[in-house]
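J.: This is the structure, below, for whatever I ask next.
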């Protein structure tokens, strides 16, 4: 399994202790301090959000916090850029639908 060791914006990624967080209610593990997106990618997650109008999947694109393709709902707050947000123990991360934290409804 490959992990990011140097980020173009955050610099060198120091591998912290192994922590547990939730992704859409499931328990997942990653290393404290690494970007949330990196931990999700290592866990096989590539879709972070869906667009509101077309319901198209989005994931990591720029990986430097400039676009909004990696935004997710983190600890109940929508629009968190997971590519530059450090992972912490116990975070609750959910797929985002559109621009809000409201659950997706077909």
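J.: For each of 95, 85, 22, count neighbouring Cβ atoms within 10 Å of the residue's Cβ, then give the residues from fewest to most.
T.: Placing the least packed residue first, the sequence is 22, 95, 85.
J.: Could you sort 65-74, 52-61, 32-41 so that the peptide with the highest average Cβ count within 10 Å comes first and the rest follow in order?
T.: Descending packing order for the listed peptides: 32-41, 65-74, 52-61.
J.: When every alpha-carbon pair in the chain is counted, what percent end up more than 24 Å apart?
T.: 16
J.: Tell me, in nm to one decimal, what length is gained between residue 92 and residue 22 on full extension, where the rule is 0.36 nm per residue of separation less the Cα-Cα distance?
T.: Gain in length upon complete extension: 24.7 nm.
J.: Stretched out fully, how many nm does the piece from residue 43 to residue 100 gain, at 0.36 nm a residue minus the Cα gap?
T.: 18.1 nm
J.: Right, next: Can you sort 100, 27 from fewest to most other Cβ atoms within 10 Å of each residue's own Cβ?
T.: By the 10 Å Cβ count, ascending, the order reads 27, 100.
J.: Shifting gears a bit: Within 10 Å of each residue's Cβ, count the other Cβ atoms and sort 48, 14 from fewest upward.
T.: The order, fewest Cβ neighbours first, is 14, 48.
J.: Once the convex hull of the C-alpha atoms of the stretch 52-99 is built, how many Å³ does it hold per residue, rounded to a whole number?
T.: About 69 Å³ per residue, rounded to a whole number.
Computed from the coordinates by the stated procedures, all read-outs in this text should not be read as laboratory data. Predicted model only: the values in this text are computed from it and were never measured. So basically every Cβ, Gly included, is an ideal-geometry build from the backbone, and we count neighbours across all protein chains shown.
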